[in-house]
Amino acid sequence: MKFGRVPVRDSEGAILAHSLVVNGRKVRKGRKLSPSDVKAMQEAGIDEVTVARLESGDLHENDAAAQIAARIAVDGSGFSASAPFTGRVNIYADVAGLLELDNRALLRVNSVDHSITLATLPDSARLGPRSMVGTVKIITYGVAADLVAEAAENAGGAMHLKRVAYSEAGLIATESPGQPAKLTNKSRLAVEARLNALGIELSEFQIVPHDADAIGESLRKSKASIQLLITASATSDPADVGPEGLRAAGGVLHRFGMPVDPGNLLFLGELGERPVIGLPGCARSPALNGADWVLERIACGISPAAIDIASMGAGGLLKEISSRPQPRGRDSISPIRPRIEALVFSVGEARNLDAILTAAKSSSVERIICAAPSKLRDSIRALAGDDIEIFSVPEPNGWLASTISAGVARISESADGIVLFRGDGDIANADQIDRLVAAFSPEDGREICRFGGERSRMGPPVLFGRRFFEALAGLRGERGAGELMRDASEFVVELDY
């Protein structure tokens, strides 16, 4: 790849290295310069520009990132990959589980070339559906194809998803005389939230006296695949009530205590083939503690040995880390894949509606809403199928604004963004839709994503983030989304077709 400053007249087809403002319009870095871009720069009096130009044997940053990510997010892996944007592809978990890293393979990926990087969550990180697990990022605008192939080969073995192996678990809570009932309820709610975050149902909940024999009898009667125990008083010795109750049931104590704070007073045992976890008192709080690390491993079919628990001491001082995630009110401890929905609205004969609906259904968009005049409803239903929600709208003046407003009112509460399509507009294929989704990043100020370039226009398809739902719902008359984009130009990112 060649990189450097060149005369503007020689820059056509090259990749712009640094963003420019040309006649009041921002031309973003990473853009492949078109003839109109060159003309606009010349008219603005710009003589030279810094560009990158790929050579024979090079891959564009997006193609390189996609090739490496494709070796990770293979069918059956439990991972999926975003479309590439600015040389970045995000890897997401599709199901709950734990991340297993091969650190040597990861190191080999990141040692191929300085321009090729793969960043991941830590080994044994808990994952929920949609959790971001890793990011492939190509730092330069292009990289040699043979280096990409080498990195991709190593990336295939760098990370794996260990799935949750259990569907249900039971909880036994002991009570002492005079103990407030709300303490027991607090225990149940906190434990249930932990289990639900892993996709596990709390199938049994028993309250028994704070007595070893009562615990033992309850353990013997339980049918739960994993048994959790939280006692009214903290377990302070291997011979305390909780461990003694496990022995009374015929179980075996494997470990008492762990070098994680909070969470020191956990104990771990087994009754037959069923794991039994004695939870520390801190498990009544949603904050991360040592019991989470043990529960997550057991839930995924991993039985921690004594050495595994002992090794948790490195990084085990959780109470002093104010930035430590407290994820129990969420599905995961990491950023998650944005949920994007689509609104397709039809006017006239909706000449391209079939192709647009097909593209949307093949993309990463998770729900499709279709607005149509009453006269087109039946024909659109025949095209759309039963998995698309269709609603009718009148056709007075201001149809466009009222349709967008009505469609936005139907967006799911969990949606992070919505893609707007006109049924009689230009056809966008699934790849283009996925590129809009990949470009969306509220953290980076990219909250309106559209196509520009030689075919620049202000109309759909365009993706709006949640920040703009209220404004979209408030559209009236003939004021469409294009005017909203002009008013919020600082949030707009343009993609080339």
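The values are calculated or read from the model by the stated rules, or taken from the named source; none is laboratory data. Note that the coordinates shown come from a computational prediction; the quantities given were computed from them, not determined experimentally. Don't worry about glycine lacking a Cβ; one is built from the backbone with ideal geometry, like all the others, and counts go over all protein chains shown. Ligands, DNA and RNA are excluded from the accessible area calculation, which covers all protein heavy atoms including side chains. Shrake-Rupley method; radii C 1.70, N 1.55, O 1.52, S 1.80 Å.
Look through the range 58-114, keep the residues that are part of a loop (DSSP other than H, G, I, E, B) and of a type in the set (S, T, Y), and return whichever of them is nearest to L195 (Cα to Cα).
Within the range 58-114, the match that is nearest to L195 (Cα to Cα) is S77.
Looking only at the range 91-105, how many residues end up being open to solvent by 30 Å² or more (accessible area, probe 1.4 Å), in contact (Cβ under 8 Å) with a residue 12 or more places away in the chain and either farther than 26 Å from G290 by Cβ or not β-branched (V, I, T) (or both)?
5
Cβ contacts < 6 Å: first residue at pLDDT 95 or above, restricted to the range 143-172; second residue buried (at least 24 other Cβ atoms within 10 Å of the Cβ) and polar (S, T, N, Q), any location; separation 6+ or different chain. Result?
From residues that are at pLDDT 95 or above, the pairs are G170/Q227.
Does any residue of the range 451-468 turn out to be modelled with pLDDT under 85, surrounded by 18 or more Cβ atoms within 10 Å (Cβ to Cβ) and not aliphatic (A, V, I, L, M)?
Taking every residue of the range 451-468 in turn, at least one turns out to be modelled with pLDDT under 85, surrounded by 18 or more Cβ atoms within 10 Å (Cβ to Cβ) and not aliphatic (A, V, I, L, M).
Provide a single number: the residues in the range 308-319 that are farther than 12 Å from M258 by Cβ and either part of a helix (DSSP H, G or I) or touching a Phe, Trp or Tyr at 6+ places or on another chain (Cβ under 6 Å) (or both).
Of the residues in that region, 0 qualify.
Quick test of your reading of the structure: A119 fulfils all but one of (1) open to solvent by less than 50 Å² (accessible area, probe 1.4 Å); (2) in contact with a Gly (Cβ under 7 Å, 6 or more places away or on another chain); (3) not in a helix (DSSP H, G or I). Name the failing condition by number.
(1)
Select from the range 228-261 the residues that are open to solvent by 30 Å² or more (accessible area, probe 1.4 Å) and part of a loop (DSSP other than H, G, I, E, B) and list them in ascending order.
Hits for the range 228-261 are S233, A234, S236, D237, P238, A239, D240, G250, P259.
Could you tell me which of the residues A181, A197, A158 is farther than 30 Å from R104 by Cβ, open to solvent by less than 20 Å² (accessible area, probe 1.4 Å) and of a type outside the set (D, E, K, R)?
Just a single option satisfies the conditions, and that option is A197.
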